[in-house]
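The values are calculated or read from the model by the stated rules, or taken from the named source; none is laboratory data. These numbers were taken from a predicted model, which means no experiment stands behind them. Cβ placement follows ideal geometry from the backbone for every residue including glycine, while neighbour counts extend to all protein chains displayed. Heavy atoms of the whole protein, side chains included, go into the accessibility calculation; ligands, DNA and RNA do not. Shrake-Rupley method; radii C 1.70, N 1.55, O 1.52, S 1.80 Å.
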Amino acid sequence: MLPHLDAAYNLARWLTRNDHDAEDVVQEAVLRACRFADGLRGDPRPWLLAIVRNACFTWLEANRPAELALGLDERIGEIPAPEAEGPEASATRNLERRVLNEAIAALPPQFREVLVLRELEDLSYRDIARIAGAPIGTVMSRLSRARRLLAESLRVIVTASEPGVSR
Amino acid sequence: MNREEARTLLPAYLDGELDPAKSVELEAHLAADPVSRAACGRLRSLSNAIRDKADYHAAPATLGERLLDALPAAAERAPRLPARRNWPLAAAALASTAALAVALTLATVHPRDDERLEQEALSSYVRATLSTRLADVASSDQHTVKPWLSAHLPYSPPVVDPSAQGFTLAGARLDYVGGRAVAALVYQRRQHRIDVFVWPEQEDSNLRASVRDGFNIERFARGGMRYWIVSDLNRNELDDLARLLGAQH
């Protein structure tokens, strides 16, 4: 009944990482959207999500500046050496929900955001670029790095939980 | 294509963002190179894992309810949407979150329907002008018109007679607007004819005006009915009639 409200809340919940703040941010964003309805062009979903995203990042700047700073570090998620490949296909299949969700939540917000928009909202690169207010090239790069970071953290978890692995 | 190029194209390929020509090239490479194939498999399986297992947080019901409460006040402060420019699109965006649709007085009508309704109401008005069929029941007596309409429709539209204010009831006809049989009340003011299309509608909405093909059109909803008013009469006087019918700004 309210498909775009779910998308709005999902994004806000992933970025703020708790229910209470997600609700506050979405409420504020939706009221703002009402005031700026005149500026809408084209597909309503990315338009609304852009407003929600900006509200989330304003909130992050005020409440989680350290998290934001992490995402600005150029070195994060760079191409690793070929040896350090991601987990095997079977490992991800057996992954627990909790482990995966925690790993995504641990990503810096700029990477978490593009991953959520791509994998959970199925938005195009172009729409994600519009929502994140960044060029498509940046979106693609962040998405790559997000996936690499995630794969790496899951690999660490997976190999750490395997019996007989010496470190 | 070498392994390095393939590696850089894989994410776009899996996200369905790679152009067809490059996709074909990449697929040929993947078929021939097991190392790239394995990398592709890992990327795909990570994506699948996220889609299968990551939480999708649906909005709590209380949030929707709170928005429904807060939005009418916010809408009051919102700049009025201009009559024609971008009206359907802007309304569509907010109507997509149904709470906002209420605030923008679109109620249960999908905003694209407003565009369609406007068109159909106007067509009906003009067609009636061109033909001789202005009214099925031609009477200025509301006590004749009202029962006639109730007998021919699944609802009973209110019929007012504001002749004291200079609007004469000329009669009514049945018409087909927005996919339903509706009443079209016909009023006269000097040499202008005014058609008022009436059908049931739950939510109230404020008076909104627009212009189409030089005709003035006004719409509102009140007391369980929706009204679309079409005429070549000027906007000010049309406003008067709308208010007499029960509209509120």
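Among (1) modelled with pLDDT of 85 or more; (2) farther than 25 Å from A:LEU15 by Cα, there is one condition B:ALA78 misses while meeting the rest; what is its number? Only one criterion is unmet by B:ALA78, namely (1).
Residue count for region B:18-50 satisfying the condition of being in contact (Cβ under 8 Å) with a residue 12 or more places away in the chain, within 14 Å of another protein chain (Cβ to nearest Cβ) and open to solvent by 70 Å² or more (accessible area, probe 1.4 Å): 1. Listed by first and then second residue, the pairs linking a residue in region A:12-28 that is facing chain B (nearest Cβ under 8 Å) to a residue that is surrounded by fewer than 19 Cβ atoms within 10 Å (Cβ to Cβ), with Cβ atoms under 6 Å apart and 6 or more places separating them unless they lie on different chains, are A:ARG13/B:HIS57.
The set of residues in region A:106-155 that are assigned to a helix (DSSP H, G or I), of a type in the set (D, E, K, R) and either surrounded by fewer than 21 Cβ atoms within 10 Å (Cβ to Cβ) or more than 10 Å from chain B (Cβ to nearest Cβ) (or both) comprises A:ARG112, A:GLU113, A:ARG126, A:ASP127, A:ARG130, A:ARG142, A:ARG145, A:GLU152, A:ARG155.
Of the residues making up region B:153-165, those that are without any contact (Cβ under 8 Å) to a residue 24 or more places away in the chain and farther than 15 Å from B:PRO200 by Cβ are B:ASP161, B:SER163, B:ALA164.
Can you say whether B:GLY224 is within 20 Å of the chain's Cα centre (by Cα) and open to solvent by less than 50 Å² (accessible area, probe 1.4 Å), as far as the supplied structure shows? Answer is yes for this residue. Taken over region B:1-17, the criterion of being closer than 19 Å to A:ASP122 by Cα and either hydrophobic (A, V, I, L, M, F, W, C) or surrounded by 11 or more Cβ atoms within 10 Å (Cβ to Cβ) (or both) is satisfied by B:LEU9, B:LEU10, B:PRO11, B:ALA12, B:TYR13, B:LEU14, B:ASP15, B:GLU17. Taking the conditions (1) within 13 Å of B:PHE197 (Cβ to Cβ); (2) touching a residue at least 12 places away in the same chain (Cβ under 8 Å) in turn, B:SER123 satisfies each one other than (2). In region B:124-136, what residues are among the hydroxyl-bearing types (Ser, Thr, Tyr) and open to solvent by 60 Å² or more (accessible area, probe 1.4 Å)? Those that are among the hydroxyl-bearing types (Ser, Thr, Tyr) and open to solvent by 60 Å² or more (accessible area, probe 1.4 Å): B:THR129, B:THR132.
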